[in-house]
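Engineer: To start, I am sharing the structure in question, which I have written as structure tokens.
The values are calculated or read from the model by the stated rules, or taken from the named source; none is laboratory data. Since the model is a prediction, treat every value here as computed from it, not as a measurement. Don't worry about glycine lacking a Cβ; one is built from the backbone with ideal geometry, like all the others, and counts go over all protein chains shown. All accessible areas refer to the heavy atoms of the entire protein, side chains included, with ligands and DNA or RNA removed. Shrake-Rupley method; radii C 1.70, N 1.55, O 1.52, S 1.80 Å.
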Amino acid sequence: MMYLRRNCCLPLSGLSMCGKGSNLTTGTAATTTASSTLSNRSSKKHHEDRRANAEIINADIIPKLVAPTRLRPPDVPQFSFSPSVITDVYVDMDGTLTESSSRAGEYILPLLSPFSGVLVTDCVYSDLSRTDIMSWSQLDDAMSRKLPEAILNVSDNSIFGTWSAREDVQDSLRTLVRCGLRVHILTMGTAKTCKAVLRAAGYDMRLFTDFLGPSDMARNQGLDYLFEHEQDQPYMFPVEQDVKDLEAYAATGESSPLLDKIMTMEKRLSKAQLVQTRAGDGGILIDDSWSKNIYDARKKNCMYMHVQPEGLNTTAHLLSTLARAVADAHEEDKS
């Protein structure tokens, strides 16, 4: 359920519309009934949750801003931050803590495949107690629990980069934590799965305050659904279609309508907005996507570091720069 950005990665989840009177691609009456029940149940739960979580809903939400071009213009700096101000560091996953966003399926598919037969809803406010329909967050949790059974390549030549680069990243994170900063993983994919695979890849979980994903961004923006759709109904998609499309993408590099659909999440969910809601002016976003995330951060006056070119080596270099600057500012404050 991770995503792959266009030209460098594509979404990892295929979708089908589940509107009034419509079926999923499975075409079963039971699916339509389940969708209708879910819509009514989630609507009530949504209003209850929104009231309960009103303190994190920003009344001054600025819509997600997407750059007109995919590449960062040469006159725009790669990073912008004030080291003495930073309190929280938000780090992206794919393309930032991995070698390439386009290879995300290498660790997603082994964890996603066991859930063929499950339908996933993009409804943010849902609390399902059934095994055949899951919310995005519930599937994420279930996938993370499959890691002990999965065959996952975390070697020196895997998607997670070299062990040396991973240790360089952690050395910088340790410096930041020693200086009193909090480190968060902020992904447009599956947050708990990220936690599980990073642990397997040798990362020290004590370095991270939490792992945040699409549902956190959607709630922060007061959104009912993760994806864009015209009708006020949740989308539901079969996991097996997701797996099929991912495998086809890995083989051919070609997207599909189902994979493209989830790209709407990147158009509407704002990492920068969540950073600012949670950390105010003290948050910095580290991400490899200029058009979808860094541009939005820059326009919202959020501190940022752009991982370009994508990959762990670039991230290691940027984090080293950040850690040195923060440590120097920390020493100046003490003197």
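Engineer: For Leu65, Leu186, give me the order by solvent-accessible area with a 1.4 Å probe, most accessible first, ignoring ligands, DNA and RNA. Please list the in-between numbers first.
Structural biologist: On the way: Leu65 60, Leu186 0 Å².
Output order, biggest surface exposure first: Leu65, Leu186.
Engineer: In terms of solvent-accessible area of protein heavy atoms at a 1.4 angstrom probe, what is the ranking of Lys299, Lys271, highest value first?
Structural biologist: Lys299, Lys271
Engineer: How far is the Cα center of region 220-293 from the Cα center of region 168-183, in Å?
Structural biologist: 28 Å
Engineer: Still on this structure, I have one more. Quick check: pseudo-label points 7 Å beyond the Cα along Cα→Cβ at Ala200 and Asp232, how many nm apart are they?
Structural biologist: Distance between label points: 4.2 nm.
Engineer: For region 234-335: lysine pairs with Cα atoms under 20 Å, gap of 8 or more or different chains, count?
Structural biologist: For region 234-335, the number of qualifying lysine pairs is 10.
Engineer: A further question follows. Suppose R0 equals 30 Å; then what is the FRET efficiency for Ala329 and Asn301 from their Cβ-Cβ distance, rounded to the nearest 0.05?
Structural biologist: Values: r = 20 Å, r/R0 = 0.65.
So, using R0 = 30 Å, E works out to roughly 0.95.
Engineer: Let me ask another. First measure r as the distance between the Cβ atoms of Glu247 and Lys146, then evaluate 1/(1 + (r/R0)^6) with R0 = 22 Å and state the FRET efficiency to the nearest 0.05.
Structural biologist: The value I calculate is 0.80.
Engineer: Another question, if that's okay. At a probe size of 1.4 Å, how large is the accessible area of Cys194, to the nearest 10 Å²?
Structural biologist: We get 0 Å² for Cys194.
Engineer: Shifting gears a bit: To the nearest 10 square angstrom, how much accessible area does Arg278 have with a 1.4 angstrom probe?
Structural biologist: Looks like 110 Å² after rounding.
Engineer: Would you calculate the separation in nanometres between label points at Ser155 and Phe79, each defined as 7 Å from the Cα along the Cα-to-beta-carbon direction?
Structural biologist: 3.2 nm
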